[in-house]
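Report on the following structure.
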Amino acid sequence: MGLFVFLPLVLPLTAWPVARLAESRLHPRTATRLLSAGAGVLAVCSTLCLGLLMIVGTAQLPGNPLPDAWSDPEVRAALPYDEVAGRAAIPALLAVLVSCGVAAWRQLRARRRAEAALAGLPETSVTVLPDGTPYAYALPGRRRGRAVVSTGMLTALTSRERRALFAHERAHLAGRHHRHLTTVHLAARANPFLRPLRTAVAYTAERWADEEAAAAVGSRRCVARAIGTAALLAPPTTTPLLPAVTGAGPVPRRVAALLRPAPQSRTWPPLFTAVGLAAWTAAFGTTASALSSANSAVALFLTLRAATPM
């Protein structure tokens, strides 16, 4: 395996420049998809390499259930610094699994609580709850999901701003933004180097919904007013995985972006620009991480297969 097994653990650093530049230089839809896909691949690769390191470390522990030949010097020679890295990977991988499990459980619990609050109500695309506390969020469902809004929020908005609010939440549901948010959230739990991508996607997903709402309503200023009003009234969102009109900000940046012309929609930024170079660097890092993980996995598999008695 050589040093290739360690590369996926640090290659997420190559995505930091594009995470920052994508927020302001790319169309929010492109930025959200690019960053969430990259974060997912990088997280899987780093977790896989931790697993490979853990196999070598576990084979060295006395009383382990693995074949005795897996701890032979010839096998451990395939991994540099096997005594330190192999054993350190055991608690590291356990920490990753526990952290991701806790995050997934919290998301599931938040979804179930939200669904329980709507139990017995008609399954319409928009559900209005008689609650004086102003809030609005998109609740994904098995089919199309629904937008949930309180009467306290609706009474504070004009009729056109209400349309903008509903269009914003419907955009979250249509774009399946909760999947992107879940991906980057779990990725950041798997590898702390991916936290900037989680922050960036949380913002670009809201900007994506803002732009969709502006196109649906036909007024960018109206959407900006609706976002500003909702942000002043609503309390902070309780979970980052349920998209809300007042979620991931900062809200002033979103309002300022809506007061400017609509961003150009591009599938990939031009090469000879700052964001283009950052995107290609992130793409190179992601590809290198995948290749390093595959190389290490194949090398370890062949080594263990050769060492395993038939």
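The values are calculated or read from the model by the stated rules, or taken from the named source; none is laboratory data. If you're wondering where the values come from, they're calculated on a predicted model, not measured in any experiment. Every residue, glycine among them, receives a Cβ derived from its backbone with ideal geometry; neighbour counts consider all protein chains shown. Just so you know, the surface numbers come from the protein's heavy atoms only, side chains and all, with ligands and any DNA or RNA stripped out. Shrake-Rupley method; radii C 1.70, N 1.55, O 1.52, S 1.80 Å.
Some observations on this one:
- The residue of the range 119-138 that is surrounded by the most Cβ atoms within 10 Å (Cβ to Cβ), among those that are touching a residue at least 40 places away in the same chain (Cβ under 8 Å) and under 18 Å from Ala234 (Cβ atoms), is Ala136.
- Test: residue in the range 177-193 that is within 21 Å of Leu35 (Cα to Cα), assigned to a helix (DSSP H, G or I) and in contact with an Asp or Glu (Cβ under 7 Å, 6 or more places away or on another chain): no
- The listed residues are Glu206, Glu212, and the only one of them that is surrounded by fewer than 22 Cβ atoms within 10 Å (Cβ to Cβ) and modelled with pLDDT of 90 or more turns out to be Glu212.
- When residues of the range 139-171 are limited to those that are β-branched (Val, Ile, Thr) and open to solvent by less than 90 Å² (accessible area, probe 1.4 Å), the one nearest to the chain's Cα centre (by Cα): Val148
- Those residues of the range 66-88 which are at pLDDT 70 or above, in a loop (DSSP other than H, G, I, E, B) and within 36 Å of the chain's Cα centre (by Cα), in sequence order: Leu66
- Screening the candidates Ala110, Ala104, Ala138 for the property of being under 30 Å from Pro8 (Cβ atoms) and either of a type in the set (A, V, I, L, M) or in a loop (DSSP other than H, G, I, E, B) (or both) yields one hit, Ala104.
- Filter result (among the small types (Gly, Ala, Ser) and either in contact (Cβ under 8 Å) with a residue 60 or more places away in the chain or surrounded by 15 or more Cβ atoms within 10 Å (Cβ to Cβ) (or both)) within the range 255-288: Ala257, Ser265, Ala274, Gly276, Ala278, Ala279, Ala282, Ala283, Gly285, Ala288
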